[in-house]
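Asker: This is the structure I want to talk about, given as structure tokens.
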Amino acid sequence: MLTDTHCHLYLEQFAGDINDVIWRATEAGVAKMLVPGMDLETSREAIRLAETHANIFAAVGYHPTDMQRFSQENFDKICRLVEHPKVIAIGEIGLDYYWIKEPEKRMEQRQNLLPHLELAKQVNKPVILHLREENDAWFGAASVDLLNILADWQKDLSGALADKPGVLHSFNGTLETAQKALALNFYIGITGPITYKKADRKREIVAQLPLEKLLIETDSPFLAPAPFRGKRNEPANVGLIADKIAEVHRMTREAVAQITTANANRLFGWEAYA
Ligand code: NI
């Protein structure tokens, strides 16, 4: 059994065949899928998918590049969506210094991230974090800023959330950044680029991360793994990422699937909805 802990199934790329996409995922052994929102509208759409499919769960929040309509009023609505029983995380939230370069806009991202983290603490649900550096660098200001914000936030956490505060989604950073996130008890999300030909450095990093802290995610419709690179991605492809992690960690695909699914169950606490 596999899990896809990050797929944007409400996007227009899936408008024509969403039921086929979900069926193929189930056929491929994907037991559960997590659909994170990117603003108020897509958070609502994520919940709509979760309401109509037993194996889909939702997360809500404002993505750092989708802040155009962020306001107190809209954030209050996000706070109400969180009460839905199938909303099991806050996300996708975080910092993006790739698309956002103006210092004031970056500051705005950091400021808007804080109430999301506060909300997660209040409702005791983990966060799904986006982290992207300028020029897609391995390390830079976004990593520094996010780790500082998370370390600050972590200090005030207690109980279950302190042990499993969230996941660094589609991790593209250095081993040092991953280790700092692990020290704060975060999980690390692995996506399709680990399968790309020239991704040796990425594979070397993943080889050094503990399997018990990894999640496998497609980020559909983006980041399709080889041999589908450049095409539309979908949750049924999550096994290709499991295969690569298995190769890197010298384990079987079954073991990787079982361990990463157990990780997702532990982080999101969604087994009750089997
Ligand atoms: Ni995403």
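Nothing in this text is a laboratory measurement; each read-out follows from the coordinates by a stated rule. Source: prediction; values computed, not measured. Ideal geometry is used to build each Cβ from the backbone, glycine not excepted, and the neighbour counts take in all protein chains shown.
Asker: Please go through the stretch 20-41 and give me each residue that is surrounded by fewer than 24 Cβ atoms within 10 Å (Cβ to Cβ) and either more than 13 Å from the ligand (Cβ to nearest atom) or without any contact (Cβ under 8 Å) to a residue 24 or more places away in the chain (or both), ordered by number.
Answerer: D20, V21, I22, W23, R24, T26, E27, A28, G29, A31, L40, E41
Asker: Any idea which residue in the stretch 127-143 is nearest to the chain's Cα centre (by Cα), counting only those that are buried (at least 24 other Cβ atoms within 10 Å of the Cβ) and more than 13 Å from S170 (Cα to Cα)?
Answerer: So the residue we want is V127.
Asker: Here is a further query. Is it the case, given these coordinates, that R203 is of a type outside the set (A, V, I, L, M, F, W, C) and within 15 Å of the ligand (Cβ to nearest atom)?
Answerer: Details: of a type outside the set (A, V, I, L, M, F, W, C): yes; within 15 Å of the ligand (Cβ to nearest atom): no.
No, not satisfied.
Asker: Go through (1) assigned to a loop (DSSP other than H, G, I, E, B); (2) closer than 27 Å to A31 by Cα; (3) not small (G, A, S) and name the single condition W138 misses.
Answerer: That leaves (2) as the condition not met.
Asker: Shifting gears a bit: With (1) touching a helix residue (DSSP H, G or I) at 6+ places or on another chain (Cβ under 8 Å); (2) over 23 Å from Y187 (Cα atoms); (3) among the aliphatic types (A, V, I, L, M) as the list, and M107 as the residue in question, which single condition is left unmet?
Answerer: Single failed check for M107: (1).
Asker: Also, quick follow-up: Restricting attention to the stretch 197-214, does a residue exist that is assigned to a strand (DSSP E or B) and either of a type outside the set (S, T, Y) or surrounded by fewer than 15 Cβ atoms within 10 Å (Cβ to Cβ) (or both)?
Answerer: Scanning the stretch 197-214 turns up at least one residue that is assigned to a strand (DSSP E or B) and either of a type outside the set (S, T, Y) or surrounded by fewer than 15 Cβ atoms within 10 Å (Cβ to Cβ) (or both).
Asker: Would you please list the contacts, defined by Cβ atoms under 9 Å and residues six or more apart or on different chains, that run from a residue in the stretch 118-140 that is farther than 29 Å from K202 by Cβ to a residue that is within 16 Å of the ligand (Cβ to nearest atom) and assigned to a loop (DSSP other than H, G, I, E, B)?
Answerer: Once the first residue is farther than 29 Å from K202 by Cβ and sits in the stretch 118-140, its partners that are within 16 Å of the ligand (Cβ to nearest atom) and assigned to a loop (DSSP other than H, G, I, E, B) give L119/G61.
Asker: If you don't mind, there's one more thing I want to ask. Look through the stretch 1-19, keep the residues that are away from the ligand (no atom under 15 Å from the Cβ) and crowded, with 23+ Cβ neighbours inside 10 Å, and return whichever of them is nearest to L215 (Cα to Cα).
Answerer: Residue satisfying both the conditions and the ranking: T3.
Asker: Moving on. In this structure, does R48 turn out to be part of a helix (DSSP H, G or I) and among the basic types (K, R)? Let's see the steps before the verdict.
Answerer: On the way: part of a helix (DSSP H, G or I): yes; among the basic types (K, R): yes.
Spelling it out, R48 is indeed part of a helix (DSSP H, G or I) and among the basic types (K, R).
Asker: Quick one: is A54 under 21 Å from P126 (Cα atoms) and surrounded by fewer than 20 Cβ atoms within 10 Å (Cβ to Cβ)?
Answerer: yes
Asker: Okay, moving on. Among what's in the stretch 206-228 and is within 16 Å of the ligand (Cβ to nearest atom) and of a type in the set (G, A, S), pick the residue that is nearest to G166 (Cα to Cα).
Answerer: Across the stretch 206-228, the extreme among qualifying residues is S220.
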